[in-house]
Amino acid sequence: MSIHAVRDSLRAARLALKQRYAESPQPARYLRDHTQTVDEHLRQVWRSSNIPHDLTLVAVGGYGRGELYPKSDIDLLILLPKEADEALQGHLQALVGLWWDMGLEIGHSVRTVDECLSAASDITVQTNLLEARLLDGDAALYDTLQRSLHQQLDPCAFYTAKNLEQQQRHTRYIDTDFNLEPNLKESPGGLRDLHNVLWIARAAGFGDTWQALSRNGLLTSAEARQVVRHQHLLQDMRIRLHELSGRHDDRLVFDYQQRLAEQLGIAATPQLRASERMMRHYYRTKRAVLQLNSVLLQTMRARLFPASDTRPLNQRFLARDEALEVCDDHLFEREPAAILECFLLLQQHPELSGFSAATLRALWRARHLVGPAFRREARHRELFMQLFRQPQGLTHALRRMNQQDILGRYLPAFGRVVGQMQHDLFHVYTVDEHILMVLRNLRRATLAKHAHEFPLSSRLINDFERVEVLYIAALFHDIAKGRGGDHSLLGRADARRFCKAHDISAEDTDLVVWLVKNHLRMSATAQKQDLSDQDVIAAFAADVPNERYLTALYLLTVADVRGTSPKVWNAWKGKLLEDLYHATLHYLNYGKIADQIGETQREAAATLNLYAIAPESYLPLWAKLDDEYFIRHEAHEIAWHTRALTQHPDIKVPIIKTRLSRTGEGMQVLVYQYDQPYLFARICNFFARMNYNIMEAKVHTTQHGYALDSFLVMDASQEKTAYRDVMNFVEYALAEEVRADALSIPEPGFGRSSRQLKHFPIAPQVAIRRNDKGRYMLSLVAGDRPGLLARIAYILTRHEILIRSAKINTLGARAEDTFWIDGDTLPDANVRNTLQEVLSTQLA
């Protein structure tokens, strides 16, 4: 048969398998039949290629295991009795070329038995060879390899190496990029965790199937059925993902989630998309797989490394080789309070690394006991509150409770958000993981070794009485997401019921409830309001009862923003929150600043005096700046501007100055140029081309017609940018950019949108309102992409609207920007409505 005929036969057989799977999706059957189909076609080519009879063709890796997915590589070992000469090497290269011509993606190695044994010192090679399967050729040579491998295999060393490899893989794939777009094979709780158990079991002689492990006492029959069910779902999703993507791609990216959900017959609900419901199934399967993986690895460890050290902790628990173990497998059924006690004991005994396999298995069996009657028991409520009052271990305790399905049963409201995705383009964790991340951030702030990260948070939380109040507020702040309605109000009701049931004082209950209701308020004010405006501070402070409430809200807000995504938090946002905290604290204690402008000018003058700059040299410049400038700029900014401009206030060429941001992250840029149309848009375009985000812009026009604009910019890639290295370039290139007059510029275009924005688009929200001082504020929410700010500036300039100030708030792929604007036509409601419509249309 010609190679073309073999290729056509293989293609037809694969198509038939695909069609049959669509009609009757049975993952195990598909993987077995696909493997056999490829076996047959490989053998045809092998046998027709006049390969010497003493060579052996061996399937290894996943193909050797008999689990061949639609687009998986086909791993082969060509086993030689002795080293190949040049003629044989050429013959084998031609053979592999024929397999590729058939449409197979071959990964192959050519080795002797001795070379295989030498290569097996690498754990990855050793694992691949462990799953070797004879395809064709000399069976005796294959048997020699198998005997030699098993003689060389040390089960204890293999266990240690595979356990370490799994830990490293979990660390690698727990990265935020994989939280909402997990890898079905490699991510924690994926297929690889199941493979790892079977590899170790095979190496140790415990069996190579779930049924064999059950017969050998490592699994109960119920657990064996459970693991098969979870494996079935993961295999089904992976098979379908390969077909949808048309390539070997195991990452469940947004591009395929909705179509995969439709294939699985999952429908949307009023609150959740079909893809979100599917992912919730996935996350719960992931949790169960992690649980089973942990139980089985520890059970096998106990057999491979018999315990050498045990000591009693109390009448119910003992420590066995640094693990907490129940004294009786039926303890939890007899004494349900011990379910919570075991988590408390781990907090109180930090020398223990976790639960033993027996304890994990007993917890899993007893989880159904945590129901309404359990929750009503005063002893159980007392134990749960003790978890929050321990000096250490709270984050680990709650994560373990979530993993064991205890936390969601004790707090049903929490159980409803387990595995719930958040497609707001900036949360990169599921709701339950985000809540636990916020708790972790609060706990981290209490530790002296992390005090350098956020000194203010560290100082405030260590002086905060009854810190468990903050942890409870964190636990409930997002607990009502996905129910429809305002989650802050719904969560407030949940928090009040919890506090009442757990005998929390009325004073602390009021604080918890207030924090849950207002947990978004401080972030929104800091990032969207003008903090130089005393009325903004007064309005915010009016809703803050006292300093304890303010401190609690600040601490929760910092932990919350940091818990959305590592890419959302930056030093600028940290400074805004600190500024709002200090300004509000001053207002609560002393009221408004009596002479804000005078105080700012005196502080700036004191700084200038340190540089020996006399008042007579800068007062002429200050005379050209109106009060608004001194209100909106901090004293150190005014001093910096003054030093740069004192000598040439009327210069005809642009002055561009840069300096490192005082927050320790980013760069401040000063632009001084006689005012002209589209100047702001051109500056925005310049930074967009540099891939820099403008975090804040303060735009001022002097009384003699000059633009005095200042910007805080950061590298959009969020790398550890050496801003000092680009400062000279920015000063030169930006000056060239704005040097010439431009009565018009080409309409700025958008750069490429992110994949998240493509699949979860944001309909632009635009609002223009007038505040009590007569200033107009433009609020805008849209999908963030390169060129967005330049397009906004262009549209506003075209409509003869001036930007006076801007706060640019980027949350992942979501932009929430605020502009303070002026224009002679803004008092006309029709003009404002038209502008809103234009912006909504142009930014869609």
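Kindly indicate whether residue 492 is surrounded by fewer than 21 Cβ atoms within 10 Å (Cβ to Cβ) and in contact (Cβ under 8 Å) with a residue 24 or more places away in the chain.
Considered against the rule, which asks whether it is surrounded by fewer than 21 Cβ atoms within 10 Å (Cβ to Cβ) and in contact (Cβ under 8 Å) with a residue 24 or more places away in the chain, residue 492 comes out as no.
Looking at this structure, is residue 793 among the small types (Gly, Ala, Ser), closer than 16 Å to residue 677 by Cα and either in contact (Cβ under 8 Å) with a residue 12 or more places away in the chain or crowded, with 20+ Cβ neighbours inside 10 Å (or both)?
Judged against the criteria, residue 793 is a match.
Given the structure, is residue 72 of a type in the set (Ser, Thr, Tyr) and open to solvent by 60 Å² or more (accessible area, probe 1.4 Å)?
When the stated conditions are applied, residue 72 does not pass them.
What residue, of 107, 62, 97, is small (Gly, Ala, Ser) and within 22 Å of residue 150 (Cβ to Cβ)?
On the way: 107 fails: within 22 Å of residue 150 (Cβ to Cβ); 97 fails: within 22 Å of residue 150 (Cβ to Cβ).
From the options 107, 62, 97, the qualifying one is 62.
Across the stretch 424-462, what is the total count of residues that are of a type outside the set (A, V, I, L, M, F, W, C), within 19 Å of residue 550 (Cα to Cα) and in contact (Cβ under 8 Å) with a residue 12 or more places away in the chain?
Of the residues in the stretch 424-462, 6 are of a type outside the set (A, V, I, L, M, F, W, C), within 19 Å of residue 550 (Cα to Cα) and in contact (Cβ under 8 Å) with a residue 12 or more places away in the chain.
List pairs: first in the stretch 144-170 and free of Cβ contacts under 8 Å to residues at least 12 places away in the same chain, second surrounded by 12 or more Cβ atoms within 10 Å (Cβ to Cβ), Cβ under 7 Å, 6+ apart or cross-chain?
none
Which residues, counting only those in the stretch 807-824, are more than 27 Å from residue 422 (Cβ to Cβ) and among the aliphatic types (A, V, I, L, M)?
Result: 821, single match.
Going through 237, 279 one at a time, which residue ends up being without any contact (Cβ under 8 Å) to a residue 60 or more places away in the chain and in contact with a helix residue (DSSP H, G or I) (Cβ under 7 Å, 6 or more places away or on another chain)?
Only one candidate passes the filter, namely 237.
Which residue, of 805, 779, 840, is of a type in the set (Ser, Thr, Tyr) and assigned to a helix (DSSP H, G or I)?
840
So residue 487 passes all but one of these: (1) over 30 Å from residue 821 (Cα atoms); (2) surrounded by 17 or more Cβ atoms within 10 Å (Cβ to Cβ); (3) in contact with a helix residue (DSSP H, G or I) (Cβ under 8 Å, 6 or more places away or on another chain). Which condition number does it fail?
For residue 487, the failing item is (3).
Show me the helices (runs of 4 or more DSSP H) found entirely inside the stretch 334-390 where at least 2 residues are within 30 Å of the chain's Cα centre (by Cα).
337-348, 357-366, 378-388
Tell me which helices (runs of 4 or more DSSP H) are completely within the stretch 504-556 and hold 2 or more residues being free of Cβ contacts under 8 Å to residues at least 40 places away in the same chain and under 23 Å from residue 631 (Cα atoms), or say none if there are none. Show your work before the answer.
On the way: elements: 506-518, 521-528, 534-541.
By residue number, 534-541.
Of the numbered conditions (1) part of a loop (DSSP other than H, G, I, E, B); (2) modelled with pLDDT under 95, residue 70 fails exactly one; give the number of that condition.
(2)
Out of 264, 296, 260, report the one residue that is touching a residue at least 60 places away in the same chain (Cβ under 8 Å) and among the hydrophobic types (A, V, I, L, M, F, W, C).
From the options 264, 296, 260, the qualifying one is 296.
Name the pairs whose Cβ atoms lie under 6 Å apart, with the first residue in the stretch 467-487 and in a helix (DSSP H, G or I), the second among the β-branched types (Val, Ile, Thr), and 6 or more positions between them or separate chains?
Close Cβ pairs (under 6 Å, with a partner that is among the β-branched types (Val, Ile, Thr)) amount to 469/512; 472/512; 473/512; 473/516; 474/438; 476/516.
Looking at (1) among the hydroxyl-bearing types (Ser, Thr, Tyr); (2) under 23 Å from residue 788 (Cβ atoms); (3) touching a strand residue (DSSP E or B) at 6+ places or on another chain (Cβ under 8 Å); (4) without any contact (Cβ under 8 Å) to a residue 60 or more places away in the chain, which is the one condition that is false for residue 710?
(4)
Being touching a residue at least 40 places away in the same chain (Cβ under 8 Å), more than 24 Å from residue 712 (Cα to Cα) and either surrounded by 16 or more Cβ atoms within 10 Å (Cβ to Cβ) or polar (S, T, N, Q) (or both): is that true of residue 581 here?
No: the conditions fail for residue 581.
Determine which single condition residue 703 fails, assuming it passes every other condition in (1) in a strand (DSSP E or B); (2) within 26 Å of residue 800 (Cβ to Cβ); (3) open to solvent by 10 Å² or more (accessible area, probe 1.4 Å); (4) of a type outside the set (Ser, Thr, Tyr).
Here residue 703 clears every test but (1).
Look at residue 273 and say whether it is touching an Asp or Glu at 6+ places or on another chain (Cβ under 7 Å) and crowded, with 16+ Cβ neighbours inside 10 Å.
no
What number of residues in the stretch 662-686 are part of a helix (DSSP H, G or I) and either touching a Phe, Trp or Tyr at 6+ places or on another chain (Cβ under 9 Å) or of a type in the set (Phe, Trp, Tyr) (or both)?
6
Give the residues of the stretch 459-484 that are open to solvent by 10 Å² or more (accessible area, probe 1.4 Å) and farther than 16 Å from residue 420 by Cα, sorted by residue number.
To start, the set of residues in the stretch 459-484 that are open to solvent by 10 Å² or more (accessible area, probe 1.4 Å) comprises 459-460, 462-468, 481-484.
Of everything in the stretch 459-484, those that are open to solvent by 10 Å² or more (accessible area, probe 1.4 Å) and farther than 16 Å from residue 420 by Cα turn out to be 459, 460, 462, 463, 464, 465, 466, 467, 468.
Quick check on my filter: what residues within the stretch 90-108 are open to solvent by 40 Å² or more (accessible area, probe 1.4 Å) and touching a strand residue (DSSP E or B) at 6+ places or on another chain (Cβ under 8 Å)?
So in the stretch 90-108, the residues open to solvent by 40 Å² or more (accessible area, probe 1.4 Å) come out as 91, 93-94, 98, 100-101, 103, 105, 108.
Once the filter is applied, which keeps residues that are open to solvent by 40 Å² or more (accessible area, probe 1.4 Å) and touching a strand residue (DSSP E or B) at 6+ places or on another chain (Cβ under 8 Å), the stretch 90-108 yields 100, 105, 108.
Could you tell me which residue of the stretch 587-625 is surrounded by the fewest Cβ atoms within 10 Å (Cβ to Cβ), considering only residues that are of a type in the set (Gly, Ala, Ser), at pLDDT 90 or above and more than 43 Å from the chain's Cα centre (by Cα)?
612
Does the stretch 627-661 hold any residues that are at pLDDT 90 or above and part of a loop (DSSP other than H, G, I, E, B), and which are they?
633, 634, 654, 661
Among residues belonging to the stretch 7-38 that are of a type in the set (D, E, K, R) and without any contact (Cβ under 8 Å) to a residue 60 or more places away in the chain, point out the one that is most open to solvent (accessible area, probe 1.4 Å).
Filtering first and then ranking leaves 23.
Does residue 378 qualify as being at pLDDT 95 or above, surrounded by fewer than 15 Cβ atoms within 10 Å (Cβ to Cβ) and over 23 Å from residue 437 (Cα atoms)?
Spelling it out, residue 378 is indeed at pLDDT 95 or above, surrounded by fewer than 15 Cβ atoms within 10 Å (Cβ to Cβ) and over 23 Å from residue 437 (Cα atoms).
Would you confirm whether or not the stretch 626-639 contains a residue that is open to solvent by less than 40 Å² (accessible area, probe 1.4 Å), under 20 Å from residue 666 (Cβ atoms) and charged (D, E, K, R)?
Taking every residue of the stretch 626-639 in turn, at least one turns out to be open to solvent by less than 40 Å² (accessible area, probe 1.4 Å), under 20 Å from residue 666 (Cβ atoms) and charged (D, E, K, R).
Would the stretch 396-409 turn up any residue that is more than 30 Å from residue 816 (Cβ to Cβ), at pLDDT below 95 and surrounded by 21 or more Cβ atoms within 10 Å (Cβ to Cβ)?
Yes, the stretch 396-409 contains at least one residue that is more than 30 Å from residue 816 (Cβ to Cβ), at pLDDT below 95 and surrounded by 21 or more Cβ atoms within 10 Å (Cβ to Cβ).
In the stretch 796-813, what residues are buried (at least 17 other Cβ atoms within 10 Å of the Cβ) and charged (D, E, K, R)?
Passing the criteria: 804, 807.
The values are calculated or read from the model by the stated rules, or taken from the named source; none is laboratory data. Since this is a predicted model, take the numbers as computed values, not measurements. Ideal geometry is used to build each Cβ from the backbone, glycine not excepted, and the neighbour counts take in all protein chains shown. Quick note on the areas: whole protein, heavy atoms, side chains included, nothing else; ligands and nucleic acids left out. Shrake-Rupley method; radii C 1.70, N 1.55, O 1.52, S 1.80 Å.
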